[in-house]
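These notes are about the structure you will find just below.
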Amino acid sequence: MKNILAFGDSLTWGFIAGTWERHPFDVRWPNVLAAGLHGKARVIEEGHNGRTTVFDDPTTTDDRNGARILPVLLSTHQPLDLVIILLGTNDIKFANRCRAFDASMGIGRLVQIVQTFPYQSWAPKPQVLIVAPPALVPTTDEWFNDLWGHALEESKLFGKHYARVADEMGVHCFDAGSVARADKTDGGHLDAANTKAIGTALVPVVRGILNI
């Protein structure tokens, strides 16, 4: 059986727009992906609300910097055959770093961490699939509009910049915005149908990468 690490933020955790609650287990995209692989791979859910690629969030007590936690996860979950990275939305919510390009630079650093980590001699070096988040959409929720309303147009560029990084670093890429749209309830999170759509769409992609 293959082992896959799904490394992401609230979109991977399963944040339900407008409720601050979590989608059921079988709705969250990592588990939809696992179900679609019919026992040929184990998908490890590793979603953390607010997680960034490489940036610190000084407003919270929990460490949301993905670059710091990723090496720990690579160690504890090895052997891994594939690491799927779906991050970036939280990188652009801060006005001082609201470019998709900045998020793509962070994604590049995470790919580098996966590619250079000192795995055990018996463990393979996993392949990498970077997933561009769906773009933000307008919302009437005042709090969330204040959080990331300034970055609506910028979020449409995730796919472009992530594809470039994937090409430069020799890894796989998928644009989640091609199959999923954020819920206008808060402008950034996903309803059940859209988070399931990501998992379903990734099934043939992952099958192709892992030859399963």
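Residues of the range 65-95 being surrounded by fewer than 20 Cβ atoms within 10 Å (Cβ to Cβ) and either polar (S, T, N, Q) or at pLDDT 95 or above (or both), which ones? Reasoning before the result, please.
We begin by selecting, within the range 65-95, every residue surrounded by fewer than 20 Cβ atoms within 10 Å (Cβ to Cβ); these are 65, 67-69, 71-73, 75-79, 94-95.
Across the range 65-95, the qualifying residues are Asn65, Ala67, Arg68, Ile69, Pro71, Val72, Leu73, Ser75, Thr76, His77, Gln78, Pro79.
Would you be able to say whether some residue in the range 157-164 is farther than 27 Å from Asn31 by Cα, among the hydroxyl-bearing types (Ser, Thr, Tyr) and not in a loop (DSSP other than H, G, I, E, B)?
No, there is no match, as no residue in the range 157-164 is farther than 27 Å from Asn31 by Cα, among the hydroxyl-bearing types (Ser, Thr, Tyr) and not in a loop (DSSP other than H, G, I, E, B).
What number of residues within the range 11-61 satisfy the criterion of being among the polar types (S, T, N, Q), in a loop (DSSP other than H, G, I, E, B) and surrounded by 15 or more Cβ atoms within 10 Å (Cβ to Cβ)? Spell out the reasoning first.
Our first condition is that a residue be among the polar types (S, T, N, Q); within the range 11-61, this holds for 12, 19, 31, 49, 52-53, 59-61.
With the extra rule that they be in a loop (DSSP other than H, G, I, E, B), the set shrinks to 19, 49, 53, 59-61.
Next cut, surrounded by 15 or more Cβ atoms within 10 Å (Cβ to Cβ) only: 49, 53.
Here the count works out to 2.
Tally up the residues in the range 116-147 that are among the polar types (S, T, N, Q) and touching a strand residue (DSSP E or B) at 6+ places or on another chain (Cβ under 7 Å), please.
So in the range 116-147, the residues among the polar types (S, T, N, Q) come out as 116, 120-121, 127, 139-140, 145.
From the residues that got through so far, the ones that are touching a strand residue (DSSP E or B) at 6+ places or on another chain (Cβ under 7 Å) too are 127.
Of the residues in the range 116-147, 1 are among the polar types (S, T, N, Q) and touching a strand residue (DSSP E or B) at 6+ places or on another chain (Cβ under 7 Å).
I'm checking my understanding of the structure. Among residues of the range 154-181 that are among the hydrophobic types (A, V, I, L, M, F, W, C) and touching a residue at least 60 places away in the same chain (Cβ under 8 Å), which one is farthest from Ala17 (Cα to Cα)? Please lay out each step first, then the result.
Initially, the range 154-181 is screened for residues among the hydrophobic types (A, V, I, L, M, F, W, C), giving 157-158, 163, 165-166, 169, 171, 173-174, 176, 179-180.
Then keep just the ones that are touching a residue at least 60 places away in the same chain (Cβ under 8 Å); that gives 158, 165, 169, 171, 176.
Details: Phe158: 21, Val165: 29, Met169: 34, Val171: 31, Ala176: 17 Å.
Of everything passing the filter in the range 154-181, Met169 is farthest from Ala17 (Cα to Cα).
Provide a single number: the residues in the range 97-141 that are assigned to a loop (DSSP other than H, G, I, E, B), of a type in the set (D, E, K, R) and either closer than 13 Å to Ile85 by Cα or in contact with a Gly (Cβ under 8 Å, 6 or more places away or on another chain) (or both). Break it down stepwise before answering.
In the first step, residues of the range 97-141 are kept if they are assigned to a loop (DSSP other than H, G, I, E, B); the result is 98-99, 117-126, 133-141.
Cutting the leftovers down to of a type in the set (D, E, K, R) gives us 99, 125, 141.
Right, trim to either closer than 13 Å to Ile85 by Cα or in contact with a Gly (Cβ under 8 Å, 6 or more places away or on another chain) (or both) and you get 141.
Number of matching residues: 1.
Against the definition (free of Cβ contacts under 8 Å to residues at least 24 places away in the same chain and not hydrophobic (A, V, I, L, M, F, W, C)), how does Thr61 come out, yes or no?
Numbers: free of Cβ contacts under 8 Å to residues at least 24 places away in the same chain: yes; not hydrophobic (A, V, I, L, M, F, W, C): yes.
Criteria met by Thr61.
Return the residues of the range 187-212 that are assigned to a loop (DSSP other than H, G, I, E, B) and surrounded by fewer than 19 Cβ atoms within 10 Å (Cβ to Cβ); say none if nothing qualifies.
Let us first name the residues in the range 187-212 that are assigned to a loop (DSSP other than H, G, I, E, B), namely 187-189, 191, 211-212.
Scanning the range 187-212 gives Asn211, Ile212.
The values are calculated or read from the model by the stated rules, or taken from the named source; none is laboratory data. Computed from a predicted model, the values in this text were never measured in an experiment. Backbone-built Cβ (ideal geometry, glycine too); neighbour counts: all protein chains shown.
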